[in-house]
Amino acid sequence: MVIFKRLLMVFLTLIIAVGTVLATAKHPTGPNTVSYDEPAGLWVSIGMVVVLFLPPLILSLSSNRVVRIISAVYQVFFVISFLVILPIGFLFPQSIGVSVMAVAGVFISIASVIVTLKNHSNEAVQF
């Protein structure tokens, strides 16, 4: 059950990250950004997000403490990434949706890190 929670939290963070890429593509801020006008670039961006989420998705299946710590450290980079995206909505008025997605991503990512690091002392010891 605990593994399912960890996997669900990482997967939910993945869904929000893909949604953020799609929201960002709706209102491109410049010529070198992701947009719906260039679907190949959009698919590459979504593919890169999915590939970057594969390690924590795989690591969330393990109950080993060291593996959980590595997964949590990896997920902290997602929190930082969402925090970097957050000011875009304030700088560009059409991109308020991106900021909303970034706020949701920050909260879900922090919750995912907490769930990953949470020690369940009432469970049997697994080797």
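The values are calculated or read from the model by the stated rules, or taken from the named source; none is laboratory data. Everything numeric in this text was worked out from a predicted model, so none of it was measured. Please note: Cβ atoms are built from the backbone with ideal geometry, for glycine as well, and neighbour counts cover all protein chains shown. In case anyone asks, the SASA skips ligands and DNA or RNA and just uses the protein heavy atoms, side chains included. Shrake-Rupley method; radii C 1.70, N 1.55, O 1.52, S 1.80 Å.
From zero up to wherever the largest Cα-Cα distance of region 47-90 sits, split into 10 Å bins and tell me the percent of pairs in each.
26, 44, 23, 7, 0
To test your reading of the geometry: what angle, between 0 and 90 degrees and rounded to tens, separates the Cα axis of helix 96-117 from the longest principal axis of the chain?
Here the helix axis deviates by roughly 10 degrees.
Modelled label-to-label distance, residue 12 and residue 62, 7 Å Cα→beta-carbon offset: nm?
2.4
Kindly report, to the nearest 10 Å², the accessible surface of residue 33 as traced by a 1.4 Å probe over protein heavy atoms only.
50
Run the helix sum for the chain: -39,500 (n - 2.57) per DSSP H stretch of 4+ residues, divided by residue count, reported at 222 nm to the nearest 500 deg cm²/dmol.
Estimated from H runs of four or more residues: -25000 deg cm²/dmol.
Against the globular-protein guess of 2.2 N^0.38 Å, express the Cα radius of gyration of region 15-73 as a ratio, rounded to two decimals.
1.46
With a 1.4 Å probe and all protein chains in place, put 9, 1, 48 in order of accessible area, largest first.
Heavy-atom accessible area, descending, gives 1, 48, 9.
Tell me the Kirkwood hydrodynamic radius of region 22-127 in angstroms, computed as one over the mean inverse distance between distinct C-alpha pairs.
One decimal place: 15.6 Å for the Kirkwood radius.
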